[in-house]
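Notes to accompany the following structure.
The values are calculated or read from the model by the stated rules, or taken from the named source; none is laboratory data. No experiment lies behind these values; they were computed from the predicted model shown. Counting neighbours? That spans all protein chains shown, and the Cβs are built from the backbone with ideal geometry, glycine included.
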Number of protein chains: 2
Amino acid sequence: MTQQPLPTSADDAGTPRARRGRPRVSSREVLEDAAYELFIENGYAKTTVDHITQRAGVSRGTFFNYFAAKGDVFWGQVDESLAHLGECLAASDPQLPVVRAIGEAFADAAEGFGPGNVPWILTQHQLIGSRDEVQASALTRFTAQADTLRSFAAARLGVDPTDPLPRVIAYTTISAVIAAAQSWAAAGSSRGHLAPYLLRALAPVADGFEGSTVIR
Amino acid sequence: MTQQPLPTSADDAGTPRARRGRPRVSSREVLEDAAYELFIENGYAKTTVDHITQRAGVSRGTFFNYFAAKGDVFWGQVDESLAHLGECLAASDPQLPVVRAIGEAFADAAEGFGPGNVPWILTQHQLIGSRDEVQASALTRFTAQADTLRSFAAARLGVDPTDPLPRVIAYTTISAVIAAAQSWAAAGSSRGHLAPYLLRALAPVADGFEGSTVIR
DNA sequence: ACACATAACTGAATCCAGTACAAGAATATT
DNA sequence: AATATTCTTGTACTGGATTCAGTTATGTGT
């Protein structure tokens, strides 16, 4: 709900696109920055949406023009990448086994994440306290992607999406991805790109689903 | 937070245990029943804690004597089982490979779930609308168990709990468990016990982690 | 210039979950 | 009866989230 007309999917942060109407005085970035500062200063739980908008110089209502929920502030970059996952899946090599294809797709979608570009949430999540609430905002991403992966796996395998197998594949792969992302972020300055972490984490899962079951 | 003194861990719903003090006028069960009715009638989001307690004939405050959060109404049976997971892990055969041991532990902990005992949340989750909020309450379970599994796996493998491997194992196994539980619930009257579903879902994961990596 | 459509912001009202706490009520123990 | 224990109730408060009517700032067409 609360559909955002907003900046045409915020494709480019530099040119928020609005050739007509009142120009934006704020932006996702401005609000994100304000929020990040406050989260570090006072922690996530003690930072209210009022605080964020006050620091950003807009009114409280404006916040919800840019984000559907307080927790969504974190996920701008991540959501952008995940939005491409569907295309990456569609463009994947039809010869590859399902889980390999999923791995490649995630690796593709994670293209942008390297040593110099780590989602804020992944690096700072220890500092801001209150893990539960933050991770709750992660779950919506999880389930959205799980649905995508499940239909993909079902189609690839030629089985019904409601079968157990595509569901297990979807869930295990995406949780391996999450684990990989967390390990990658935790690796500190030694981390390189995200993609290798993803592939390493998914390798045993892929092996398992190729070997033991009657799926190719 | 909001520690429940409550019924000595609600071991038996029939005898809420309180040899001294004012006797309970309500119970988890009463509140659950009221909540389930309302969730089906009006959906989860539109059902307030006030509604629940009104139907149950107690005051709003009482609800939070029995449940820490609105979403916890669902999880009574599940939490009970998960509480045993730690013991089941500890009691597992040290010879088994990690993921097998985890599978056995889950199967043990899922003992109670059979054709006649399906957690309400698993069967009704489509009907009640507003998946997000419900799933948020699932996340706390997920993370709690993930932490348990991660330390277990790390200890078994003799590696640091912060290493990627135990994390991936923990995440993938628990998500396979969730997938299995959902498929089991969706199977309708044809479903038997939960345990076989768990083992089937975990089998490929176990294979993968035994085969490809240098873990025993 | 002027009017108009459009898009964004404002601000206030509302709802509800969750927290805290004090006061009261019903029971067992002494 | 007095007391301790345990649960219930009521009230008040914080803060996230939703809604909406009204306002403001811009571009566009005349």
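Values computed for the structure shown
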read-out	value
Search result, residues across region B:165-207 that are within 7 Å of chain A (Cβ to nearest Cβ) and either closer than 13 Å to A:S175 by Cβ or assigned to a loop (DSSP other than H, G, I, E, B) (or both)	B:R167, B:V168, B:Y171, B:T172, B:S175, B:A176, B:I178, B:A179, B:A201, B:V205
So A:V205, is it over 18 Å from A:R141 (Cβ atoms) and not hydroxyl-bearing (S, T, Y)	yes
Residue match in region B:37-57 (condition: within 29 Å of B:Y197 (Cβ to Cβ) and within 14 Å of chain A (Cβ to nearest Cβ))	yes
Every residue from region A:19-38 that is touching a residue at least 24 places away in the same chain (Cβ under 8 Å) and within 10 Å of DNA strand D (Cβ to nearest atom)	A:V25
Flag for A:S92 being modelled with pLDDT of 90 or more, polar (S, T, N, Q) and more than 16 Å from DNA strand C (Cβ to nearest atom)	yes
Flag if B:R156 is more than 7 Å from every other protein chain (Cβ to nearest Cβ) and among the basic types (K, R)	yes
Flag if A:H84 is of a type outside the set (S, T, N, Q), away from chain B (no Cβ under 14 Å), more than 11 Å from DNA strand C (Cβ to nearest atom) and touching a residue at least 24 places away in the same chain (Cβ under 8 Å)	yes
Output for region A:180-194, where each listed residue is among the hydroxyl-bearing types (S, T, Y) and under 18 Å from A:A107 (Cα atoms)	A:S183
B:A110 among the hydrophobic types (A, V, I, L, M, F, W, C) and free of Cβ contacts under 8 Å to residues at least 40 places away in the same chain	no
So B:A68, is it in contact with a Leu (Cβ under 9 Å, 6 or more places away or on another chain), within 16 Å of DNA strand C (Cβ to nearest atom) and at pLDDT below 95	no
Count of region B:39-54 residues which are more than 10 Å from DNA strand C (Cβ to nearest atom) and surrounded by 17 or more Cβ atoms within 10 Å (Cβ to Cβ)	1
Positions within region A:143-156 being of a type in the set (A, V, I, L, M, F, W, C) and either at pLDDT below 75 or touching a Phe, Trp or Tyr at 6+ places or on another chain (Cβ under 9 Å) (or both), in sequence order	A:A146, A:L149
Selection status of B:V159, among the hydrophobic types (A, V, I, L, M, F, W, C) and buried (at least 20 other Cβ atoms within 10 Å of the Cβ)	no
